[in-house]
Amino acid sequence: MKTQVKLFLKKLVGRKAVVLMYHRIAEPKSNVWDIAVSPAHFEAHLRLLKKLGTVVPLRELAEKARNQQIKGIPIAITFDDGYLDNYAVAKPLLEKYQLPATFFVSTGNIDAQKEFWWDELEELILFSETLPSTADFEFRNERIAIDLTNEKTLTPETFQTHCQWNACLDAPPTQRSKLFFDLWQNLKPLPYPEQQEYLGLIRRWANAPAKVRPDFTSMSIDQVKDLGSSPYFDLGAHTVSHPALAFHSKAFQKQEIQENVQQLQKLTQSKIDLLAYPYGIFNQDTEEVAKELGFKAAFTTEERTVTNQSLPYQMSRYQVANWGKEEFAKKLVQWIY
Ligand SMILES: [Zn+2]
């Protein structure tokens, strides 16, 4: 296969590493942020990665980059957030192919019947059967007012449109999706209690009961513990409440990361010294905090390869979407060249 030959050649000469970022291995009805990969596609990715034979634990890859010893094309697999499907679906597949992975876990939702705010918002706005005919929400710097008269009732067509919408690539196709996107942008920089307050307000406005979908929850304490004790897997820090760090004070950033590390440290025998910034958002304070807390490396969501020149607290990753085998292989080649 042409692709594999190319990758093999690159392996001989390359000095680049690829860090893959997954979030969910699941098939939810919508995939607005392109973070869900189907189990079948994930298994196809793993099969290809196994064949390439260059998957290494992330800590090894980071260590090599720091010491300017990257050779060939090492690839590492990472997961963000700590969704339940990481344990239930991804773990057994990774074990089947004996491939290492690092799980960056936000501990705020661990062992709790909670969804992440972005999932809850998506369900409320895009999929509520009915909504009021106007939306009017006041934020610190912005007022969001949108007329929903024509989309009060969710039609099968709008439902389908929302199921197929990819907000990373396409502009909002409906008034509801525009409302969702605007709310998402305004909620992202807020601290957790304020996000929850707004979600409560939005839920009351939508007249929707509070509900938690079991497949949108996070892992339990025992599951995180089990992951952390496996020789294949590492745990990494991803804060407690998943704030967009750069929008907050240095003291707040430090507290969020430190508490997360302490909680994870209790569940694993190994040291937590790798960090992934929620949403990939960081500033100089974040890098200083990462250094002060003794992290060996921290990862963004900037899509570049890691090289021997990469800065330890700005290591990049590629988000893997729900691609089939051929498309995934093409992307790998694109990234490496
Ligand atoms: Zn995250």
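Loop-located trypsin sites (Lys or Arg not before Pro) across segment 164-240 with a Cβ neighbour count of 13 or fewer within 10 Å are K211, with loop assigned by DSSP.
With θ taken as phi - 60° and the Karplus curve 6.51 cos²θ - 1.76 cosθ + 1.60 applied, the whole-hertz 3J(HN,Hα) list for segment 100-105 is x, 8, 10, 10, 8, 10 Hz, x standing for glycine and proline. With a bin width of 20 angstrom, please list the P(r) values of the chain as percents of all Cα-Cα pairs, from the 0 bin to the one holding the largest distance. The calculated distribution, bin by bin, is 30, 57, 13, 0.
So for segment 238-284, what percent of the C-alpha to C-alpha distances run longer than 12 Å? Before the final figure, lay out each step's value.
Details: 642 of 1081 pairs.
Distances greater than 12 Å cover 59 percent of the Cα pairs.
Within a straight-line Cα-Cα reach of under 20 Å, K50 can be paired with the following aspartates and glutamates, leaving aside sequence neighbours fewer than 8 residues apart in one chain: E60, E95, D234, E326, E327.
If you take every residue apart from Y232 with its C-beta less than 10 Å away from the C-beta of Y232, what net charge results, scoring Lys and Arg +1 and Asp and Glu -1? Summing Lys/Arg as +1 and Asp/Glu as -1 gives -1.
Shown here is the pair-distance distribution of segment 202-276: with all Cα-Cα distances grouped in 5 Å bins from zero up to the longest one, the shares run 3, 14, 19, 18, 15, 14, 10, 5, 2, 0 percent. Length gained on full extension, K291 to E197: 30.5 nm, using 0.36 nm per residue less the C-alpha separation.
Under 25 Å of direct C-alpha separation, and excluding same-chain neighbours fewer than eight residues apart, K254 reaches these lysines: K114, K188, K225, K266, K271, K291, K296. Residue by residue, segment 18-33 carries 3J(HN,Hα) couplings of 10, 10, 8, 10, 10, 10, 10, 10, 6, 10, x, 5, 10, 9, 3, 9 Hz when phi is fed to the Karplus relation 6.51 cos²θ - 1.76 cosθ + 1.60 (θ = phi - 60°); x denotes Gly or Pro.
When the chain is fully extended, how far beyond the present Cα-Cα distance does Y337 get from K29, taking 0.36 nm per residue of separation?
Values: separation 308, 0.36 × 308 = 110.88 nm, distance 3.42 nm.
In short, 107.5 nm is gained.
Looking at the chain as a GNM with Cα springs under 10 Å, which of L201, L46, L190 has the largest mean-square fluctuation? Answer for the Gaussian network model of the chain: L201. Counting only DSSP H runs of at least 4 residues, each contributing -39500 (n - 2.57), and dividing by the residue count of the chain, the helix-based mean residue ellipticity at 222 nm comes to -12500 deg cm²/dmol.
With all protein chains present, how much of the accessible area of the chain (probe radius 1.4 Å) comes from carbon and sulfur, to the nearest whole percent?
Values: 7550 of 15030 Å².
C and S atoms contribute 50 percent here.
Taking R0 as 41 Å, what's the FRET efficiency between Y232 and E138 from their Cβ-Cβ distance, rounded to 0.05?
Values: r = 48 Å, r/R0 = 1.18.
Here the calculated transfer efficiency is 0.25.
Per residue, the chain exposes 45 Å² of solvent-accessible protein surface, assessed with a 1.4 angstrom probe and all protein chains in place. For segment 117-206, the mean projected area of the C-alpha convex hull, equal to one quarter of the hull surface, is 5.4 nm². When you have a sec, figure out the Kirkwood radius of segment 9-135 from all distinct Cα pair distances and drop it here in Å to one decimal? The Cα-based Kirkwood calculation yields 16.7 Å. Amide H to amide H distances under 5 Å link I75 with V18, V55, V56, where only residues 5 or more positions off or on other chains count and H is placed in the peptide plane.
The values are calculated or read from the model by the stated rules, or taken from the named source; none is laboratory data. The structure presented is a predicted model; accordingly, all values stated were derived computationally and were not measured. FYI the Cβ positions are ideal-geometry reconstructions off the backbone, even for glycines, and counts take in every protein chain you see. For the accessible areas, the whole protein counts, side chains as well, though only heavy atoms, and no ligand, DNA or RNA atoms are used. Shrake-Rupley method; radii C 1.70, N 1.55, O 1.52, S 1.80 Å.
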